[in-house]
Amino acid sequence: MMQSAGIVVNDVTVTWRNGHTALRDASFTVPSGSIAALVGVNGSGKSTLFKAIMGFVRLTSGKISVLGIPTRQALQKNLVAYVPQSEDVDWSFPVLVEDVVMMGRYGHMGMLRIAKKRDRQIVTDALERVDMVNFRHRQIGELSGGQKKRVFLARAIAQQGDVILLDEPFTGVDVKTEAKIISLLRELRAEGKTMLVST
């Protein structure tokens, strides 16, 4: 039986206004319910590709689909969760760990973003899965690099998307955190999640 496609990137090119091409003719397919690695040196366009899948940058040419539908629709349906690189986050912003994870629930709340009991339970469950529930009332900026990664992975879990993009999740983490992340990714794959991991 043929696996359906989780992510399809077809001849994608991204060129900035200054004429610099950040990504040229990228094409690949990630089967549904699998983990794929996106490997490349710094500056090779991995983060640009992730941002293109998330709809953060405009494609110069090509197409991207997620779970068989255009990226925009997949994002509107909260099907895609994103774990950013550490340098893409302002760690000085005063926000609690549980609030960061609750951001994963925003797409499931109404316009006023009022958390319900179910949202709070999902956040607690996600924090427990990454062994960070005891840090829920700490400021995110006070945590170690590995702890921050686990919090953002908890946010992705709380979002309950079927596709998870992880931008360099192993950079700046200790061996224990790396092992925990790998174990979690295997669990998520067993649950049918599709994951693209850049390294």
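The values are calculated or read from the model by the stated rules, or taken from the named source; none is laboratory data. Keep in mind that this is a model prediction, so the values were computed, not measured. Note that each Cβ is placed from the backbone with ideal geometry, even for glycine, and that neighbours are counted across all protein chains shown.
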May I ask you to verify whether THR177 is more than 14 Å from the chain's Cα centre (by Cα), part of a helix (DSSP H, G or I) and among the β-branched types (Val, Ile, Thr)?
yes
Looking only at residues in the stretch 151-167 that are farther than 23 Å from GLN139 by Cβ and of a type outside the set (A, V, I, L, M), which one is surrounded by the fewest Cβ atoms within 10 Å (Cβ to Cβ)?
GLN160
Among the residues of the stretch 73-117, write down those that are of a type in the set (Val, Ile, Thr), modelled with pLDDT of 90 or more and within 19 Å of LEU166 (Cα to Cα).
VAL80, VAL83, VAL97, VAL100, VAL101
Which is part of a strand (DSSP E or B), exposed (fewer than 13 other Cβ atoms within 10 Å of the Cβ) and either touching a residue at least 24 places away in the same chain (Cβ under 8 Å) or over 17 Å from the mean Cα position of the chain (by Cα) (or both), of ALA37, ALA81, ALA26?
ALA37
Any idea how many residues of the stretch 157-172 are within 13 Å of VAL197 (Cα to Cα) and either assigned to a helix (DSSP H, G or I) or aliphatic (A, V, I, L, M) (or both)?
4
Within the stretch 99-114, count every residue that is aliphatic (A, V, I, L, M) and either exposed (fewer than 14 other Cβ atoms within 10 Å of the Cβ) or over 17 Å from the mean Cα position of the chain (by Cα) (or both).
4
Which condition breaks for PHE93 when tested against (1) within 19 Å of the chain's Cα centre (by Cα); (2) closer than 28 Å to ILE53 by Cα?
(1)
What tally of residues in the stretch 105-156 results from selecting those that are among the charged types (D, E, K, R), part of a loop (DSSP other than H, G, I, E, B) and within 18 Å of VAL173 (Cα to Cα)?
1
